[in-house]
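The block underneath contains the structure these notes are about, expressed in structure tokens.
What follows is calculated from the coordinates using simple rules that are stated; it is not laboratory data. Bear in mind the structure is a predicted one, so any value in this text is a computation, not a measurement. Backbone-built Cβ (ideal geometry, glycine too); neighbour counts: all protein chains shown.
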Amino acid sequence: MSLLDIRNLSIDIATAQGKVRVIDKVSLTIVDGSIHGLVGESGSGKSLIAKAILGLHNASWTVTADRMFLGTTDLTKLSSKNRRRIMRKEIAMIFQHPRSYLDPSKKILPQIREVLPTISIKRRLLNIIKRSPEPSPRLRIKELLHKVGIQNDRIVLASYPYELSEGICQKVMIAMAIANNPSLIIADEPTTAMEPVTQEQIFRLLYKLNQLNNTTILLLSNNFGSIRDLSDYITLIYCGQTVESGSYKQIINSPMHPYTEAMIKTILDFDENISHKSQLYTLPGNIPSANQLPIGCRLGPRCPRAQRTCVINPEPLNLKGHMISCHFPSTDKN
Amino acid sequence: MLNYISRRLNLLLINAFILTIIAFLLAQWSNGQSLTDTNYIIDYVKYISAILQGDWGSSIDNRLILQQGLTAFASTLELCIISFITAALIAIPLGIFAGFYPNHFLDYCIMTIALIGLAIPIFWLAVITTMLPRLTGITLPIDGGISPIFEVPVVSGFMLIDTLLAEDLYQLNAFYDRLAHLFLPSIVLSFFLIAEIIRLTRRSITTVMKSNYIKAAYANGLSKTRLVLHHVLKNALPSIIHQLRLQLSTIISFAMVIEIVFSLPGAGVWLLNSIKEEDYLALPAAVLIISGFILLFSIFIDIFLMIISPLKRKSLYVD
Amino acid sequence: MLINYEFNEDKIQSPLQYTWSIFKRNNIAIAAMWVAIILVMIVIFAGYILPNTPTTQVKQLLLPPYWIDGGVSDHFLGTDDLGRDTLTRLIQGIQLTLGGALLLTLIVSILGTIIGATAALTKGLKASILHHFLDALLIIPTLLSALILIAIFGPSYENCLIAVSLSLLPQFIRAIYINIENELNKQYIIALRLDGAANIRLLRFGIFPNILESMVSLLNRIFSLAILEISTLGFLGFGTQFWDVELGALIASSIGLIFSSPWLVLFPGIAIFIIVLVFNVFTEGLRHAVIEGEDE
Ligand SMILES: Nc1ncnc2c1ncn2[C@@H]1O[C@H](COP(=O)(O)OP(=O)(O)OP(=O)(O)O)[C@@H](O)[C@H]1O
Ligand code: SF4
Ligand SMILES: [Mg+2]
């Protein structure tokens, strides 16, 4: 069962040089209750996809999608008001630079209180009858903060965002995200600018959420190594194009796209014997800038297997849920 | 916080000192005295003590400059305050709307009005407005501050208040008469103010709207009204107020020009007449009164902003 | 390597070209730019294009404009109470007002940038004294300081220009100072400093490109204020004397005729309005282009 189903999502951004297609027909199917890793280099367009899912685009973007379903509701057909309502209930986002996403002129407490689900009158009446009062907002906030690993909740709640470190802000964002028990959490590089211990804490937190609450998580990252072991499914994108997508096993054990292969090779394995100061493996060249994208398969100029046909966009190949966009996928299975 | 206030007060003292020096030089010049290098410090001290004792000298027609200046400036302030309140009531909602829906059709209309308002020379608009009553047939006074039949004793200098205080003399007639006299001038001034406030509000709101925390609030599914009231305004208002405070001296300049066109007694008419009669003692008095007011007001606003805006407080920690 | 150069046909534009290419899309701003250019041309070549000499008086007094009954084509905008050609006087007024404002903006911006930049880059007592002195000057309303200067130096067109520039200069210095100061605190300037950039280089490559947007709107602001103030002083009778008459004085001299021939008051006002409007639209377009160029 898929919770979020996106087919052929494209984003064009109007710039002075004309429209640039920064996201080119990306498809994403997120299975209910899974952790889905979306991996791509910096600038490949991960944050753009996340923002498009939430409808947070400004006027200079044109977002088109053949299909964008959350469960059974079609997100593209909703009015902005309804979409906000759904978002409040179903989706929560953890942003990349958490501090800038917290209102600088307000303390943390009112900001969290604002996103707490409102208790309906009916439920309140029922509670009065049953004599089991709902916990006070303050208590619930405290509970939330403890859940995300903030112990000194009183100090944090009485602070302004600029008084807190990025790590704490990130945890606050996560607390706000899980306050509504959303069915989908989109975490956009939740661990950038954090030291490994906090990174580990946050990943463990997300994992726990997934295991205990059955929350689906879309995890965006530019570090293949750090999230691969967390994810049930992995999608790789390069320059706004889906490269390969499949379950953890499919991607790790039988990568078929040259980009994926390269990514896997770049992960350092400590078991492997690497001779001292030997050259590490990378693809030649750099990720092209948004106004100089190659036509056809965008990996073309850097791809070791590229041939003439690669100037035409490859049709995605579907092998039992394993999607590859390449004219020449590797077939040697080991 | 205390640190900040004391620093502002420090600044106040230094600025006041510079102002008194300017006023002192002006006064010396207007008395026709040239500075000799031996006694200018003594002269300055004498001047300041005279000023502090309220002895500001008297004008050619033997009226006390201090009283004259204060009454005139109070009348100017009255015009400014009335116009500002009207303008703020009209312009802030328009500016918020324009900032909230940029590139909307109405946004273009609002911004066009603002652009026109800023481009029209204010004295010309005033001159044109003096034609209005004759052209439209509405009877509205176009010169003077109040009809000469009323002799309102000066109490606060704000004539609207004074007319109310003198209620036993003329009932409310004097009050209405004063209002009628202020009507056209304040329309002209608020025209400019509306344009300015719309522009500032819109700019401030669009900056806030672009920021990430508004996107986050939107993603959290907050309703639009809540978004505006709790997040956008809270962050946009301090910068609007700050910008307006920087405009204060322009506003007063414009008010004085309008007064001159409508012969509305006030600082503008007072200064103009004094210069025409070569009664230059009014100049240092005007510097002290008007700039002194602006100085105090600015510092008051600064401290007020400090209290309402945590962001401003944050910048304190930095330096 | 497999880099295919054929794909990189688009050159990366320089920021200036980029800004220009955004600006070009804004039709209104382009139109405003052309009108502004024409106005500047009028200022420069006013001596050659005057239809009549400003002081010749004809017998027909208070002629209405050409398109109103009674107007004649010799005097396209009519004549005033002394029989002088309105169009000629208007063009001369534009020359004095706009020309004065342009000159003044130029001088104020050059002086202001030098002083402001020096103040921002030096620390210590000198900067602090300048700072406070500017603060004090800033709280004197521009009209008041212009009046003071004119009272001291006597009314004339030149003195009016000097008075207005002296009253606008503190504003400009202060704004430049604050902008540069803000930029100086940013990390990339520290990086430039560590690279060994001297002050001039720091200003040229580090700071100015980043305060361009505020510079544009500041220049616009100073220019608009200059126009409005020159004409206000002229209107109050402190500007030009006798025959050469700028727009504000033109209005003042015709106030008495406002009902008998209102166009004498209307035209100069409209001229001021159009000048300020056109330059505003032009610089707004420019500012937007700069911002957008930075956004993307
Ligand atoms: N408003 C915009 N206008 C033009 N181009 C944009 C805009 N926003 C993003 N881009 C382009 O889209 C591309 C993708 O940006 P995005 O922020 O989604 O990358 P990312 O994958 O999230 O990278 P990172 O790992 O650094 O977060 C970038 O190359 C950027 O140049
Ligand atoms: S389509 Fe061609 S260029 Fe693209 S990844 Fe496959 S082989 Fe390489
Ligand atoms: Mg990103």
Computed E for C:T53/B:S58 - FRET, C-beta separation, R0 41 angstrom, nearest 0.05: 0.25
Checking a compactness column here: for region A:1-103, what do you get for Rg(Cα) / (2.2 N^0.38 Å), N being the number of residues? 1.10
What does the helix-only formula give at 222 nm for the protein assembly as shown: each DSSP H stretch with n ≥ 4 adding -39500 (n - 2.57), the total divided by the residues, and the result rounded to the nearest 500 deg cm²/dmol? -18500 deg cm²/dmol
May I ask for the percentage of alpha-carbon pairs in region A:96-181 that lie more than 17 Å from each other? 48 percent
Quick one: among C:L87, C:L203, C:L102, which has the greatest mean-square fluctuation in a GNM of chain C with alpha-carbon springs under 10 angstrom? C:L203
28 Å Cα-Cα reach of C:K24 towards lysines, excluding residues that sit fewer than 8 places from it in its own chain: A:K19, B:K210, C:K11
About the Cα centre, and with charges only on the beta carbon of Lys, Arg (+1) and Asp, Glu (-1), how big is the dipole of region A:96-181? Nearest 20 debye, please. 520 debye
Of the candidates C:A117, C:A198, C:A271, which one comes out as most mobile in a Gaussian network treatment of chain C with C-alpha springs shorter than 10 Å? C:A198
Considering the Cα positions of region B:211-303, please state its Rg to one decimal place and its Dmax as a whole number of Å. 21.1, 67
Roughly speaking, what is the stretch gain from A:S330 to A:K19, that is 0.36 nm per residue apart minus the C-alpha to C-alpha distance, in nm to one decimal? 108.6 nm
Once you have all Cα-Cα distances for region B:66-277, histogram them in 10 Å bins from zero and send the whole-percent values. 8, 29, 28, 19, 11, 4, 0
If unit charges are put on Cβ atoms (+1 for Lys and Arg, -1 for Asp and Glu) and the dipole of chain A is taken about its Cα centre, the option from A:V311, A:S226, A:P190 lying farthest towards the positive end turns out to be A:P190
Cross-link reach from A:K265 to lysines, straight Cα distance under 20 Å and at least 8 residues apart if same chain, gives A:K249, A:K277, A:K333
What's the ranking of B:271-277, B:151-157, C:141-147 by average number of surrounding C-beta atoms within 10 Å, highest first? C:141-147, B:271-277, B:151-157
Dipole of the protein assembly as shown (Lys/Arg Cβ +1, Asp/Glu Cβ -1, origin at the Cα centre): which of C:I189, C:L168, A:M323 lies farthest to the positive side? A:M323
Net dipole in debye of the protein assembly as shown [+1 Lys, Arg Cβ; -1 Asp, Glu Cβ; about Cα centre; nearest 20]: 4040 debye
Projected label distance in nm at B:L140 and C:S73, using a 7 Å step from Cα toward the beta-carbon: 4.2 nm
GNM of chain B, Cα pairs under 10 angstrom: of B:L94, B:L182, B:L169, the biggest fluctuation goes to B:L169
Can you give the charge dipole size of chain B about its Cα centre, rounded to the nearest 20 debye, using +1 on the beta carbon of Lys and Arg and -1 on the beta carbon of Asp and Glu? 2020 debye
Averaged over C:271-280, number of beta-carbon atoms from partner chains that fall within 10 Å: 3
Karplus couplings for region B:155-163 from phi (6.51 cos²θ - 1.76 cosθ + 1.60, θ = phi - 60°), rounded to Hz, Gly and Pro as x? 10, 9, x, 7, 5, 4, 5, 4, 5
I want to check the label-to-label distance for C:F259 and A:Q307. Put each point 7 Å from Cα in the C-beta direction and report it in nm to one decimal. 9.5 nm
Please compute, for peptide B:122-135, the average count of beta-carbon atoms on other protein chains lying within 10 Å of each residue's beta-carbon. 4
Determine how many Å³ per residue the convex hull of the Cα atoms of region C:182-296 encloses. 135 Å³
Using Cα pairs closer than 8 Å and at least 6 residues apart in sequence, work out the relative contact order for chain C, in percent. 24 percent
Can you pull the mean other chain C-beta count within 10 Å for peptide A:49-59? 2
Summarise the long-distance tail of P(r) for the protein assembly as shown by giving the % of C-alpha pairs beyond 42 Å. 50 percent
Hits for chain C under the membrane-span-like helix rule (DSSP H, Cα axial span at least 18 Å, Kyte-Doolittle mean at least 1.0) are C:27-49, C:86-121, C:125-138, C:208-235, C:263-295
The long-range amide H neighbours of A:G37, using H built 1.01 Å from N in the peptide plane and a cut-off of under 5 Å, are A:L219, A:D232, A:Y233, A:I234, A:T235
